[in-house]
1. Using the Cα centre as the reference, give the magnitude of the dipole from point charges on the C-beta atoms of the chain (Lys, Arg: +1; Asp, Glu: -1; all else neutral), rounded to the nearest 20 debye.
2. With each label point set 7 Å from Cα along the Cα-Cβ vector, what nm distance links LEU82 and VAL120?
3. Provide the packing ranking of 336-345, 65-74, i.e. peptides ordered by the mean count of other C-beta atoms within 10 Å per residue, highest first.
4. Suppose the chain between ASN25 and TRP184 were pulled fully straight at 0.36 nm per residue; how much longer would it get relative to their current alpha carbon spacing?
5. As a test of the formula, what do you get for the chain when each DSSP H run with n ≥ 4 contributes -39,500 (n - 2.57) and the sum is divided by the residue count, at 222 nm and rounded to the nearest 500 deg cm²/dmol?
6. Using a simple spin-label model with points 7 Å from Cα along the Cα→Cβ vector, what separation in nm is obtained for VAL174 and GLU13?
7. For an R0 of 35 angstrom, estimate the FRET efficiency from the Cβ-Cβ distance between GLN351 and THR100 and round to the nearest 0.05.
8. Using modelled amide H (1.01 Å from N, peptide plane; none on Pro or chain starts), what sits under 5 Å from the amide H of ASP48, excluding residues fewer than 5 places away?
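What follows draws every value from the coordinates through simple rules; no lab data is involved. Everything numeric in this text was worked out from a predicted model, so none of it was measured. All Cβ positions, even for glycine, are placed from backbone atoms using ideal geometry, and neighbour counts span all protein chains on display.
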Amino acid sequence: MVFSAHGKALLLETPTQWYAYRVDNPYPDIGWRGLWHRIWYENYPQPDFIWQSTAADDSYQAKFSLVPLLAGSLKAALYAMLFATPLALAAAVYTACFMTPGLRRWVKPTLEVMGSLPTVVVGLIAALWLAPHVETYLSAILALPLLCTLGVLGVGALTARWMQGREVLMLMPVLLLIVLGVCWLAPALEVSLFGQPLFQWMDGNFVQRNALVAGIALGFALIPLIFSLAEDALFNVPTRLSQGSLALGATPWQTLWHVVLPSASAGIFAALMLSFGRAVGETMIVLMATGNTPIVDEGLLQGLRSLAANIAIEMPEAVMGSGHYRVLFITALVLFIFTFVVNTLAETLRQRLRRRYRDEGDHA
């Protein structure tokens, strides 16, 4: 028994004669197993999740696994949230609870204006300017989170008494010096330690447009959203709660951790979940800042392809009514269901947290 090349006919041999059957299965490459399970395709060494919708040979078997696309969407969103969440929440806490009112009137609108930047512009900058610089200063970029954290803590400890509310005026020059110093020293250290730049030493484990570039660019686009929602939630905590805590002898930091943050947790959680939903559905930044390779790989320096970017790439070239065309609509449906579930869960938990802390505040 053998099927024809496109699965439209079946030829059956018996001991007495041959039988030919017409198979009415217009989309043989589309099925639950093909979309979500590992398939062992011909000439492949092992079963795997593969997305390959087109090829040079017209007789090839289309491969429509959605797992690499979903993994790429989650990977880009996760790295973007890891980049944006600490910066945005730290900025929101400082702006709402410690910054002087005059300085806050300048800082808050400036950060919110960042949210109006078109994502296609951010993606273009990431692809043409950021990706080559990440390649050149790879070790510096990997070391900067730790060094900047130490710089922030050091400046905060030194200026806590005599620049209260204006620490940012000293913090910005210090962070700038840290960034310039690390970027100046990193290339020389790479050559002295590895004999060549780090990205060349990594060889096949590095792709110029990778998840790190996408995470930085997408995280930059998420910072204004997280900051604005979280800062509003923190700033709108009733002053009677914080003033009562301070009157009872708590320090400003104790008041922040035990009073302000729990009371604003509903708004902060909503900000994070809404930002995560936006990151999963982002198209242009992920499309332009990654290699658009549909692979399942957790590496920070490898490429990826997201659900939204895949729709933008392949929908203009898909033949209307074909299996490829229908799978792209299935991809859009998966993306819609995922974001709908995330946003619904976020709203449900936010309402529960708001009700819980509102009741506790009323009792207090």
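1. On the way: 22 positive and 23 negative charges, 263 e Å.
Once rounded to the nearest 20, the dipole reads 1260 debye.
2. 3.1
3. Top to bottom by mean Cβ count within 10 Å: 65-74, 336-345.
4. Taking 0.36 nm per residue and subtracting the Cα distance, the gain is 51.0 nm.
5. Numbers: 15 runs with 227 residues, N = 364.
Only helices count here, giving -20500 deg cm²/dmol.
6. Those two pseudo-labels are separated by 8.1 nm.
7. On the way: r = 34 Å, r/R0 = 0.97.
Once the sixth-power term is evaluated, E becomes 0.55.
8. ILE39, TRP40, TYR41
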